[in-house]
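Below is one structure, written out as structure tokens, with a few remarks after it.
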Amino acid sequence: MRAVTLTEPVAAPADPPATSRRRPDLVVAALALGLAVLVTAGLWADPNHRTIKVNSSDQALFEWLLAFGAHALTHAENPLFTHLMNVPDGVNLAVNTSITVYAVIFAPLTLLAGPQWSFVVILTLNLAATAFAWYLLMSRVFRLPVLAAAVGGLFCGFAPGMVSHANAHLNWTAGWLVPLVVWRVFALREPGRWRRNGLVLGVLVAVAFSIAAEGLFFTALACGVFLGVWALARRTEARAALPVFLRGLAVTAGTALVLLSYPLWLHFFGPQRFHGTGFDPKVHNEDLAAFAAFPERSLAGIAGLGTGLAPNPTEENSFFGLPLFALTVACFALLWRRAGLLRPARPETGAARMETGVTRAEAGPARAETGTARAEAGGGRRAVLRALAVTAGVFFVLSLGPELKVGERLTGIPLPYAALGGLPVFNAALPARLALVVIPLIGLVLGYALAALGPRPGRVWLGAFALALVPLVPVPLHTSEYEPVPRFITSGTWREYVSDGGVLAPVPPTSDVLPDGQRWQTYALAHGQGEFRIPAGFFLGPGGPDGTGRIGPVPRPSADLLFEVARTGVVPPITDADRAAAREDLRYWGAEAVVLADRVHGAKFPAHPEALLRATTELLGPPRRVDDVWLWRA
């Protein structure tokens, strides 16, 4: 079970000295970091007050997770379960994207500068590190030349799917974990090192589970498909490597199980658990036309070639563009043809034989040996190419979900995912995101083709690469300005009205599209003001149909009413029954104070604070003015 090598000669060259690698490595790292800063430039303009325009709710959630993680670390609290949200039930963060490793590593920055700074730093480094990690894998393990590895790595780091998920997804942009996991999977075959390699991979698995469990699942599936297809074609090699590989894999499983025993227990058996996500797989499946479409945040997109085929701007998981698809097919055909040409070569030239003193009789066995080696290499490379193609095909089909969708229209044609979507783990994944697995497979084919073409690919090939890749060059994400956290919170005045650990009820109740209460809590935790709890919140929890999950809790009557007022700006007639329900909700939450700020952030629509003030006054009576908020004592 060898590392994937499609372009190396029969005898692989020795690794170049570390000093000769340093300069190209630094150049690629600088390019990756520069592109990452370009994509996130709008946030760097003012990290404390800027937000991702199309996904401010997820940004608010990740900033809360960073602040809560730092708070839990410094206060010796459980980082995987909290009662700060969704009172009185709490939130199981193990079934959410807890990013615990990031929260711990960046806790000093979070506490010193604020979670907004940690967020933009992590997001930027995620993109840069993903590109650089793929470059290292291709150049070190797969032994591609620097230019080929750089093109492949930069494509993997800044492909449309990665830039799309840079709209506030700290989990999915952590793509640097994938090449590291792949690297260590190949290392499991090394004789005499299976214990160490299994241990290292087990730690990586635990880290990946903490940051992006869904991505780890996809990576494991992809490795399984690739290795299975390769093993069928290279049975002798696979059988020889299998005992050592399995021993290393057993160490990996044991290490990961020890490190993840508590998170896994919480995930599958803990309080506030659920199965599935509640997201409709027929909505969050990839549109067939999207694979040939261009992404919005790219040169092609700002030139007006974007299509809007994704369910939302954060889920452009494919969007490779037709030119890139054509180039990938041409590159694959080139590699397949050249692998087939690795047959017994003509003997060495007469001059070379005279120089080495080899006679024709002596050269015969050498020629036969060389021919066998070339044929073996050709078969090995075609086995790798076949495994790459099958893996890409499997994930392409699965990403289309349970029913084929073309041009935003469901066709009624069933697909294989329909048989998988109800299975454990599969039911917690969004099928459209399986298209992200295709990204590195395309990157590998592009890198190998460039290596095969040599240092001078020719104008036609250079033009084809430019036509396919230049339109996909990313542009900065859309950003906007957050509504400020009220002075009532930033000054600590809230502590005069809410006891430490008491419940502050924001108006409107916190949700994925109205995240202010969570943002206020984030500020208090990050600035050491103490703890206040809030009803509801933005999280995944139980309460969906048939035991599936849902975003936030099952809403209470007053929460439903105030949400509609915030969304529409219309205050309905308030009855005595509404007033009684609101008082009952406050008792259920144990609220000590109800607070409405002058400005309310709506992540998907403009909120209406004036209407909220009228509605809440009719529900609870006249408020008090405290600093820059309206306050009701519960």
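It is to be established whether one or more residues within region 569-580 are farther than 18 Å from Q518 by Cβ and surrounded by 18 or more Cβ atoms within 10 Å (Cβ to Cβ).
Filtering region 569-580 for residues farther than 18 Å from Q518 by Cβ gives 569-580.
If we keep only those that are surrounded by 18 or more Cβ atoms within 10 Å (Cβ to Cβ) too, we end up with 571.
Yes, the conditions are met somewhere in region 569-580.
Only one of these is surrounded by fewer than 21 Cβ atoms within 10 Å (Cβ to Cβ), assigned to a helix (DSSP H, G or I) and charged (D, E, K, R): E190, E214. Name it.
None of the others qualify; the one that does is E214.
As an exercise: evaluate R456 against (1) modelled with pLDDT under 95; (2) in contact with a strand residue (DSSP E or B) (Cβ under 9 Å, 6 or more places away or on another chain); (3) more than 30 Å from G270 (Cα to Cα) and give the number of the one condition it does not meet.
(2)
Give the number of residues within region 466-480 that are touching a strand residue (DSSP E or B) at 6+ places or on another chain (Cβ under 9 Å), under 16 Å from L154 (Cα atoms) and either modelled with pLDDT under 95 or hydrophobic (A, V, I, L, M, F, W, C) (or both). Outline the logic, then answer.
The initial filter retains those residues of region 466-480 that are touching a strand residue (DSSP E or B) at 6+ places or on another chain (Cβ under 9 Å), namely 471-475, 477-480.
If we keep only those that are under 16 Å from L154 (Cα atoms) too, we end up with 471-475.
Adding the requirement that they be either modelled with pLDDT under 95 or hydrophobic (A, V, I, L, M, F, W, C) (or both) leaves 472-473, 475.
Total satisfying the criteria: 3.
Would you mind telling me which numbered condition in (1) part of a helix (DSSP H, G or I); (2) modelled with pLDDT under 90; (3) assigned by TED's automatic domain parsing to the domain that holds T277 A351 fails?
Only one criterion in (1) part of a helix (DSSP H, G or I); (2) modelled with pLDDT under 90; (3) assigned by TED's automatic domain parsing to the domain that holds T277 is unmet by A351, namely (3).
Does I413 qualify as being among the β-branched types (V, I, T) and free of Cβ contacts under 8 Å to residues at least 40 places away in the same chain?
Values: among the β-branched types (V, I, T): yes; free of Cβ contacts under 8 Å to residues at least 40 places away in the same chain: yes.
Yes.
One residue is enough: does region 599-610 have a residue meeting the conditions aromatic (F, W, Y), part of a loop (DSSP other than H, G, I, E, B) and not assigned by TED's automatic domain parsing to the domain that holds G421?
Checking region 599-610: at least one residue is aromatic (F, W, Y), part of a loop (DSSP other than H, G, I, E, B) and not assigned by TED's automatic domain parsing to the domain that holds G421.
Select, from L324, L288, L299, the only residue that is surrounded by 21 or more Cβ atoms within 10 Å (Cβ to Cβ), modelled with pLDDT of 95 or more and over 21 Å from S56 (Cβ atoms). I'd like the intermediate steps shown before the answer.
Values: L288 fails: surrounded by 21 or more Cβ atoms within 10 Å (Cβ to Cβ); L299 fails: surrounded by 21 or more Cβ atoms within 10 Å (Cβ to Cβ).
Going through L324, L288, L299 in turn, the sole match is L324.
Of the residues that sit in region 55-112 and are closer than 15 Å to P263 by Cα and aliphatic (A, V, I, L, M), which one is surrounded by the fewest Cβ atoms within 10 Å (Cβ to Cβ)?
So, considering only residues that are closer than 15 Å to P263 by Cα and aliphatic (A, V, I, L, M), the one surrounded by the fewest Cβ atoms within 10 Å (Cβ to Cβ) is V101.
Those residues that are out of contact with any strand residue (DSSP E or B) (no Cβ under 8 Å at 6 or more places or on another chain) and surrounded by fewer than 19 Cβ atoms within 10 Å (Cβ to Cβ), I need them from region 488-522; list them, please.
T490, S491, G492, R495, E496, D500
Taking the options D560, D585, name whichever one is among the charged types (D, E, K, R), outside any loop (DSSP other than H, G, I, E, B), at pLDDT 95 or above and buried (at least 19 other Cβ atoms within 10 Å of the Cβ). Step through it out loud before you land on a result.
Numbers: D560 fails: buried (at least 19 other Cβ atoms within 10 Å of the Cβ).
Testing whether each residue is among the charged types (D, E, K, R), outside any loop (DSSP other than H, G, I, E, B), at pLDDT 95 or above and buried (at least 19 other Cβ atoms within 10 Å of the Cβ) leaves just D585.
Looking at V565 and the list (1) among the β-branched types (V, I, T); (2) under 24 Å from T40 (Cα atoms); (3) part of a helix (DSSP H, G or I), which single condition is not satisfied?
So the condition that V565 fails would be (2).
Yes or no: L434 closer than 26 Å to T307 by Cβ, at pLDDT 95 or above and crowded, with 20+ Cβ neighbours inside 10 Å?
Answer is yes for this residue.
If I ask for residues that are of a type outside the set (D, E, K, R), within 18 Å of N312 (Cβ to Cβ) and either outside the structural domain of V438 (by TED's automatic domain parsing) or out of contact with any Phe, Trp or Tyr (no Cβ under 9 Å at 6 or more places or on another chain) (or both), which ones from region 399-414 would you list?
Matches in region 399-414: G407, L410.
The values are calculated or read from the model by the stated rules, or taken from the named source; none is laboratory data. Worth saying up front: this structure is predicted, and the values here are computed from it rather than measured. FYI the Cβ positions are ideal-geometry reconstructions off the backbone, even for glycines, and counts take in every protein chain you see.
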